[in-house]
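Asks: Have a look at the structure that comes next, please.
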Amino acid sequence: MSTRACSSTICSMVLLTTIAMVVAVLSRAEAQTVQTKQVMQQKLAQSQQLLAAVVTSNWAALTQRTQALESLTRQPGWQFLQTTEYRNYTAAFEKAMQALAAAAQQRDQRSAAMAYNQLVNSCVECHRYVARSRIAADTLTIQRSPVFP
């Protein structure tokens, strides 16, 4: 085989491998299930309404939104990761929900605002964890590919 033909074959293999890796990374980045996507969209909508209830001291709405958010944690789409870290983030979210419920019952806007901030922080930290987990998984996939033995 000539040097040119060999070089062309190697280039073709590298190109195909690169395309396969890009497709794998992109498909993994969108690995969120339909159920999870729906639950997360509902969580966002409920959280926005929760903020409105905290700011306006609407205790009935705060109680309703807290209960709605709490019920989302029992949905199958919520429990898509079965890791200790994910369970810890869920526990922090639930703890913030309990603090919000208590603040609504006591009609304490300051406590409600602090609990809401804890809730948002638990969401942000969990999303950071999930993103880092996906990046790490993608890196392992690439490292295990035939091109990078």
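Asks: From the phi of every residue in the range 73-81, what ³J(HN,Hα) in whole Hz does the Karplus formula 6.51 cos²θ - 1.76 cosθ + 1.60 yield, where θ is phi - 60° and glycine or proline is x?
Replies: 5, 9, 6, x, x, 6, 8, 7, 10
Asks: Multiply the residue gap between ALA45 and THR73 by 0.36 nm, knock off their C-alpha separation, and tell me the result in nm, one decimal place.
Replies: Between ALA45 and THR73, full extension yields an extra 8.6 nm.
Asks: Then there is this: Multiply the residue gap between GLN64 and GLU94 by 0.36 nm, knock off their C-alpha separation, and tell me the result in nm, one decimal place.
Replies: Contour length minus Cα-Cα distance gives 9.3 nm.
Asks: Round to the nearest 0.05 the FRET efficiency obtained for GLN32 and VAL55 when R0 = 30 Å and r is the Cβ-Cβ distance. Can you show the working numbers first?
Replies: Working: r = 30 Å, r/R0 = 1.00.
Efficiency at R0 = 30 Å is approximately 0.50.
Asks: Arranged by the count of other C-beta atoms within 10 angstrom, fewest first, what order do LEU44, LEU51 take?
Replies: LEU44, LEU51
Since every read-out is calculated from the coordinates, none of them should be taken as a lab result. All values reported here derive from a predicted model rather than from experimental measurement. Every residue, glycine among them, receives a Cβ derived from its backbone with ideal geometry; neighbour counts consider all protein chains shown.
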